[in-house]
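Visitor: Shown below is the structure under consideration.
The values are calculated or read from the model by the stated rules, or taken from the named source; none is laboratory data. Just so it is clear, the model here is predicted, and its values are computed rather than measured. As a convention, Cβ positions derive from the backbone with ideal geometry for all residues, glycine included, and neighbour counts pool all protein chains shown. With ligands, DNA and RNA removed, areas are computed over all heavy atoms of the protein, side chains included. Shrake-Rupley method; radii C 1.70, N 1.55, O 1.52, S 1.80 Å.
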Amino acid sequence: MTLTDDIALWTSERHCLKTVEALSRNGFAAVACGTALEARDYILKEATGAASVGFGGSRTIIDLEVEASLQAQGLEILNHAAPGLDPEQKLATMRRQLTCDLFLTSTNALTVDGHLVNIDGNGNRAAAMFFGPKKVIVVAGRNKLVHGGDEAALQRIRTWAAPANAHRLSRKTPCAVTGLCANCSSPERICRVTTVIARKPSFTDIHVVVVNEDLGL
């Protein structure tokens, strides 16, 4: 690691810690992790006692590779992206995620003042983040951190996360081709539900894991 890399790592660590402090003030159970491996270990530990685990379709959670380990522990896996599910089964799984013991996801953007900002197509992921599951774990890499408040967070989503996800999901939208938001009216538009979780909801135990590595989109 060069001196430049070391300084950059230290700087991003400061930003992560500042965000964790803000999240804690806002009522969330917040923790900073230096690596994705630490975040993975945190999830496996917090899953103790859960019977069912829902997956919100997050690229971050997929990359952490926790599903197989949780399944090996005998937990029921609720993943609407599992191969072989027909449309009705996918929808039924999404609905069951709303009442699972543990819901795992990331966030499209996380402001340094501790707000979780998301734009969804169906709203299932956003809904499960703030009401229903007994426990929610949100993992956010340092690339999701945003300075400048909620509007800056929305700008990050529109200019980066949404086009990238539309492309990943092979949606027939302008942004899936150009990489640029066109505020389209496509039937396959994925930007339909916008949420800002500014404080921990009264009845949901939300843990936010801020990781000093780039994770997800």
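Visitor: So if R0 is 41 Å, what FRET efficiency would Asn122 and Leu3 give, r being the distance between their Cβ atoms, rounded to the nearest 0.05? Display every interim value, and only then the final one.
Guide: Working: r = 46 Å, r/R0 = 1.13.
Rounded to the nearest 0.05, the efficiency is 0.35.
Visitor: Taking 0.36 nm per intervening residue step and subtracting the Cα-Cα distance, what contour gain separates Val193 from Ala152 on full extension?
Guide: 13.1 nm
Visitor: Rounded to the nearest 500, what is the 222 nm mean residue ellipticity of the chain from helices alone, with -39500 (n - 2.57) per DSSP H run of 4+ residues and division by all residues?
Guide: -11000 deg cm²/dmol
Visitor: Quick check for you: with a 1.4 Å probe and neighbouring chains kept, what is the accessible area per residue of the chain, in Å²?
Guide: Values: 10800 Å² over 217 residues.
Value for the chain: 50 Å² per residue.
Visitor: Which percent, nearest 5, of DSSP beta bridges in the chain are antiparallel?
Guide: Of all bridge pairs located within the chain, approximately 20 percent are antiparallel.
Visitor: If you take Rg and Dmax of the Cα atoms in Å from the coordinates, which of [x] 18.8, 66; [y] 16.9, 54; [z] 16.2, 50 do you get?
Guide: Checked against the structure: label [y].
Visitor: Subtracting the Cα-Cα distance from 0.36 nm times the residue separation, let me have the gained length for His167 to Ser186 in nm, one decimal.
Guide: 5.5 nm
Visitor: Whats the longest run of the chain with zero GluC sites (Glu not before Pro) that are DSSP loop and have at most 16 other Cβ atoms within 10 Å?
Guide: 66-187
Visitor: Quick query: amide H of Gly141 versus all other amide H atoms, modeled in the peptide plane; which residues come in under 5 Å with a sequence gap of 5 or more or a different chain?
Guide: Those qualifying (amide H under 5 Å, at least 5 residues apart or on another chain) are Val211, Leu215.
Visitor: With a cut-off of at most 15 other beta carbons within 10 Å, and DSSP calling the residue loop, which trypsin sites (Lys or Arg not before Pro) in the range 149-196 qualify? Please list them. If you can, show how the numbers build up before the last one.
Guide: Details: sites: Arg156, Arg158, Arg168, Arg171, Lys172, Arg189, Arg192; in loops: Arg171, Lys172, Arg189, Arg192.
Here the sparse-neighbourhood loop sites are Lys172, Arg192.
Visitor: Additional query: In the structure displayed, which of Lys144/Lys200; Lys134/Lys172; Lys45/Lys134; Lys18/Lys200 lie more than 26 Å apart, Cα to Cα?
Guide: Over 26 Å apart, Cα to Cα: Lys134/Lys172.
Visitor: Starting from 0.36 nm per residue, how many nanometres of slack lie between Val177 and Glu76 once their C-alpha separation is accounted for? Walk me through the intermediate numbers first.
Guide: On the way: separation 101, 0.36 × 101 = 36.36 nm, distance 3.68 nm.
Taking 0.36 nm per residue and subtracting the Cα distance, the gain is 32.7 nm.
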